[in-house]
1. Place the peptides 296-305, 131-140 in order of packing, highest mean first, counting for every residue the other Cβ atoms within 10 Å and averaging per peptide.
2. Under the classification rounded if a/c is under 1.5, otherwise prolate if a/b is larger than b/c and oblate if not, where does segment 1-144 fall, given a ≥ b ≥ c as square roots of the Cα gyration tensor eigenvalues?
3. Using amide H atoms built in the peptide plane, which far-off residues or other-chain residues are under 5 Å from Ala139 H to H?
4. Quick one: which residues, 5 or more positions from Gly118 or on another chain, have an amide H under 5 Å from its amide H? H modelled 1.01 Å from N in the peptide plane, none for Pro or chain starts.
5. Taking a ≥ b ≥ c as the square roots of the Cα gyration tensor eigenvalues, with a/c under 1.5 meaning rounded and otherwise prolate when a/b beats b/c, else oblate, which class fits segment 229-304?
6. Counting other Cβ atoms within 10 Å, which trypsin sites (Lys or Arg not before Pro) in segment 16-85 have at most 10 and lie in a DSSP loop?
7. Tabulate in residue order the Karplus-calculated ³J(HN,Hα) for segment 358-375, using 6.51 cos²θ - 1.76 cosθ + 1.60 with θ = phi - 60°, rounded to whole Hz; enter x for Gly and Pro.
8. Just for segment 1-138, what percent of DSSP beta bridges are antiparallel, to the closest 5?
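Read-outs: derived from the displayed coordinates by stated rules, not from any lab. As the structure is a computational prediction, the values presented were derived from the model and not from experiment. So basically every Cβ, Gly included, is an ideal-geometry build from the backbone, and we count neighbours across all protein chains shown.
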Amino acid sequence: MLDESLLDAPEALAQADRHGLLRGAAEAGARVRTAVRHSVEAGLTDLKPDGRPRSILIAGPGAAASCVADLLGTLAGAVCPVVRLAPTGVAPAAGALRWALPGWAGPVDLLLIATPDGTEPGLTLLAEQAYRRGCTVVAVAPARSPLAGEVNGSHGLTIPMALSPHGPLGADETPGSVGGGAPSEDTVSAAAAPATLWALATPLLVLLDRTGLISAPVDTLQKVADRLDHVAERCGPVIATYSNPAKTLAAELADTLPLIWTEGPAAGPVGRRFAATLAELAGRPALAAELPEALPAHAALLAGELAGDTGEDDFFRDRVEEPQSLRARVVLLRDTPVDAGGLTAAPAARELAHGHDVPLSELEPEDGGELETLAELIAITDFAAVYLTLAPGDRS
């Protein structure tokens, strides 16, 4: 169970945070600003594309790259197909992931590569394959990495990834081997760090804004950075649990199977990212689904052994040696208060959860643009995942 006493002990949290996860979450706004500056210096804001690509292909390792693809697909998918290239296998010799272009990819398609490492041989080979096919290639990766050299050498464009000046890798150091082989515990944590998403996604948002596929001008991204800073102030380790939405959510999710239900287009990728981050960072299972499909998809879970107390408990049984039972808890994420003539599944979701005595947590962002509200939800859930990672309690 979660060690709730640790949540309100900032010094103890800092001692447990060997990988700087809390600092990484708090730096998200700064990483957005640095990434915007790198994008301007790389000339992205001055681009004048001749037209839109037929499709956008996205490749990269880990949950951060998957979330980048999910995010861009949500924002641009109605205008241009967004396809994530999942790894196709592992090379026997090096033990490294491999990627491959689909057979139809060609000169009218745009390949985006997002990686916090840049030493993955599979991504370098993918960039070479894209050059031979005539695809336009844009990569976000650490400067002076092998991938950056390959992309720049084949007439592509690399935007240096905005690195944390205080992270495990300094801004002037050579990247490690995240995704390139068998990563260590330190590099896995660095790849899963909360701010990595924004370091990878921000330059691509600038690029797609210039191509007319989404609306993400520089002033909007500055508002995103401000919203991330605001969340960091509300969710930081010195803020007590009772007034800290991230600590509150972490305490509520202790010893539960989170059923993350989302409503609204921007909330979908947030829910999927939260489930992936809980698994990759905190080692905790979670299921994510969008409303209204979540209701029939998870109805059997709510009616089964994971549901709340049925009232048949034996009050006199010995609980000392009894293992803690896992119960479901619904987490309802909504990107904005949904009006649309009252067409919302939230009341039905609450009724279904309460009807099975399953507790429910709700997160709803403050008013703002789509990217701002999305950033707020991501930031709060990222902080919650970090607190669950740092204060796991006794899992034996």
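1. Top to bottom by mean Cβ count within 10 Å: 131-140, 296-305.
2. Details: a/c = 2.23, a/b = 1.64, b/c = 1.36.
Prolate shape, in that a/c is at least 1.5 and a/b is the bigger ratio.
3. Counting only residues 5 or more places away or on other chains, the set is Ile113, Leu157, Thr158, Ile159.
4. Result for Gly118 returns nothing.
5. prolate
6. Loop-located and lightly packed - none at all.
7. With the stated coefficients, segment 358-375 comes to 9, x, 9, 10, 10, 10, 9, x, 5, 4, x, x, 4, 5, 5, 5, 4, 4 Hz.
8. Details: 2 of 14 bridges.
Restricted to segment 1-138, the bridges split so that about 15 percent are antiparallel.
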